[in-house]
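Q: There's a structure below that I have some questions on.
The values are calculated or read from the model by the stated rules, or taken from the named source; none is laboratory data. It should be emphasised that the depicted structure is a prediction, and the values quoted were computed from it without experimental measurement. Cβ atoms come from the backbone with ideal geometry, glycine included; neighbour counts cover every protein chain shown.
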Amino acid sequence: MINSNYNHKMMNKRIRSVLILLAPFSLIVLTQSCRIESDVNSYLETVLKSISKIESAVYSSTISGSIPGDTLKYVTYSTQTEEYFNPSDTTIGSIFTVVQQDATHKASWVYDGYARIFMDWNEKTISIDSFKIARYPFRPVRPPFYNYTKSIIQYALNTKDSIEVELIDLTDTILIRLAVYGKSVEFFGKPFYNDTKYTEEPLSKYDIWIKKIDNLPCKYKRNLVYTRNWESIETVVFNHKKIVEFEVSKYVPEGFTLQTKKSQSERTVDLTDKKAPELELIDSDNNSFRLKDLKSKVILIQFTGIGCGFCHLSVEFLNSLIKEYKQSDLGLIAIETWNNDPEIIKRYISNNHISYHYLRATEENIRQYQISGVPVFYILDENRIIRKVIKGYSKDSTDKEIRDAINALI
């Protein structure tokens, strides 16, 4: 039962300003150098005004991530970004290019407000996604740093959600700490909400470090139920370029083959009612696993990815299936497609108390099962014929669809 105090919190937007001053001297610095108002909204508006003065920015960026509930980094990469604010783009609100930090002449991808262009330097191909195939209620484009932090601050100022905002003095920076209660919210130019269960704990936490010298962000941390990552930037050059100077063609290498992103139906063959391709995999302990070794009447295969929100949301349901069905009736395996590090996978299994087989995918598995996105569920009968394919996950509705399919085959 939700306590009355929490009900009250959920009915009203809560914004709390907490300034942690390390010493009396800090108070002088905070007041005279930064002129930060005691009211948290006023400070957020000051930061927002500073970001709004940026027309363009070029900067080096380091991005790291960890699995849910863990601090161990499972990925770190560095890039250089050229970012332009673009008010005419009502989706993301920016155009930008991302290039490899160790080879700045090699663009990884470009977003021009209409399409996302990927450069594959190994295959020497260019892939264009014009977003004509609607897969999500937003454009799945990771916004650049200043666009992203601006969206979070605008949300904190304008939302009617139940939130807490703290300001913490860290000598050279002010940490803005945002906690969102009862909702899991992401930012793709605008806030979007994920399907997740109700809880008294904050479902979304965002930290943004603001430099006192110019009231501009220099780092953020994103901590959601299913993933955690942080980004810091340096060597920033502001407003050196105009948006009219942005040309996609200058990032397109000569001699590359152009490929237009096709729809799922164009790329794949329907595997329903076909024999399931054999799987020969290894788990995080390097033990071998074969699909044909499972003797259950029905097999449920999930292709998944650590860091995928909807994949993570499905873990609780999949764990419940193991308790609900006899081993002779249902065999369940998850195949990890995003991460191949055994230690990371072990920690993910342990942190989430995963009680079913969790295995590492090979490129051959991904090709055979035609995986282009996760999660995907395959339900196999006792002859290992694929009887149902379910793409994506929505709590309750997908749970019922999977249960119904299993029960029909037992």
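Q: Being in contact (Cβ under 8 Å) with a residue 12 or more places away in the chain and either touching a helix residue (DSSP H, G or I) at 6+ places or on another chain (Cβ under 8 Å) or more than 19 Å from Val75 (Cα to Cα) (or both) is the requirement here; does Asn340 meet it?
A: When the stated conditions are applied, Asn340 does not pass them.
Q: Return the residues of the range 179-201 that are at pLDDT below 90 and not in a loop (DSSP other than H, G, I, E, B); say none if nothing qualifies.
A: Of everything in the range 179-201, those that are at pLDDT below 90 and not in a loop (DSSP other than H, G, I, E, B) turn out to be Ser184, Tyr193, Asn194.
Q: If you don't mind, there's one more thing I want to ask. Does the range 125-134 contain any residue that is under 20 Å from the mean Cα position of the chain (by Cα) and aromatic (Phe, Trp, Tyr)?
A: Yes, that holds for at least one residue.
Q: Within the group Ser64, Ser56, which residue is modelled with pLDDT of 85 or more and either under 25 Å from Asn340 (Cβ atoms) or surrounded by fewer than 20 Cβ atoms within 10 Å (Cβ to Cβ) (or both)?
A: Only one candidate qualifies: Ser64.
Q: Consider the range 165-196. How many of its residues are within 23 Å of Cys218 (Cβ to Cβ), touching a strand residue (DSSP E or B) at 6+ places or on another chain (Cβ under 7 Å) and crowded, with 19+ Cβ neighbours inside 10 Å?
A: Residues that pass the stated criteria total 9.
Q: Continuing with this model, one more query. Glu45 passes all but one of (1) in a strand (DSSP E or B); (2) over 21 Å from Asn229 (Cβ atoms); (3) at pLDDT 95 or above; (4) not hydrophobic (A, V, I, L, M, F, W, C); which number fails?
A: Among (1) in a strand (DSSP E or B); (2) over 21 Å from Asn229 (Cβ atoms); (3) at pLDDT 95 or above; (4) not hydrophobic (A, V, I, L, M, F, W, C), Glu45 violates only (1).
Q: Same structure, new question: Output yes when any residue across the range 239-259 is of a type in the set (A, V, I, L, M, F, W, C) and under 26 Å from the mean Cα position of the chain (by Cα), and no when none is.
A: Taking every residue of the range 239-259 in turn, at least one turns out to be of a type in the set (A, V, I, L, M, F, W, C) and under 26 Å from the mean Cα position of the chain (by Cα).
Q: Of all the strands (runs of 3 or more DSSP E) wholly in the range 115-177, which have at least 1 residues that are over 30 Å from Lys391 (Cβ atoms)?
A: 163-169
Q: Same structure again: Taking the range 281-338, which residues are more than 17 Å from Val376 (Cα to Cα) and either among the aromatic types (Phe, Trp, Tyr) or within 19 Å of the chain's Cα centre (by Cα) (or both)?
A: If the condition is that a residue be more than 17 Å from Val376 (Cα to Cα) and either among the aromatic types (Phe, Trp, Tyr) or within 19 Å of the chain's Cα centre (by Cα) (or both), then Phe289, Tyr325 are the ones that fit.
Q: Residue by residue through the range 121-150, note down the ones that are in contact with a Ser or Thr (Cβ under 9 Å, 6 or more places away or on another chain), of a type outside the set (S, T, N, Q) and exposed (fewer than 14 other Cβ atoms within 10 Å of the Cβ).
A: If the condition is that a residue be in contact with a Ser or Thr (Cβ under 9 Å, 6 or more places away or on another chain), of a type outside the set (S, T, N, Q) and exposed (fewer than 14 other Cβ atoms within 10 Å of the Cβ), then Trp121, Glu123, Lys124, Lys132, Ile133 are the ones that fit.
Q: Determine if the range 351-366 includes at least one residue that is in the same structural domain as Leu279 (by TED's automatic domain parsing), modelled with pLDDT under 90 and farther than 27 Å from Ser64 by Cβ.
A: For the range 351-366, residues in the same structural domain as Leu279 (by TED's automatic domain parsing), modelled with pLDDT under 90 and farther than 27 Å from Ser64 by Cβ: present.
Q: Looking at this structure, is Tyr226 within 19 Å of the chain's Cα centre (by Cα), at pLDDT 95 or above and either under 30 Å from Ser61 (Cβ atoms) or surrounded by fewer than 18 Cβ atoms within 10 Å (Cβ to Cβ) (or both)?
A: Here the answer is no, as Tyr226 does not meet what is asked.
Q: Pick from the range 297-336 the residues that are assigned to a loop (DSSP other than H, G, I, E, B) and within 21 Å of Lys395 (Cβ to Cβ): which of them is modelled with the lowest pLDDT?
A: So the residue we want is Gly307.
Q: Inside the range 240-286, can you point out the residues that are modelled with pLDDT of 85 or more, surrounded by 15 or more Cβ atoms within 10 Å (Cβ to Cβ) and within 30 Å of Lys391 (Cα to Cα)?
A: Leu271, Ala276, Pro277, Leu279, Leu281
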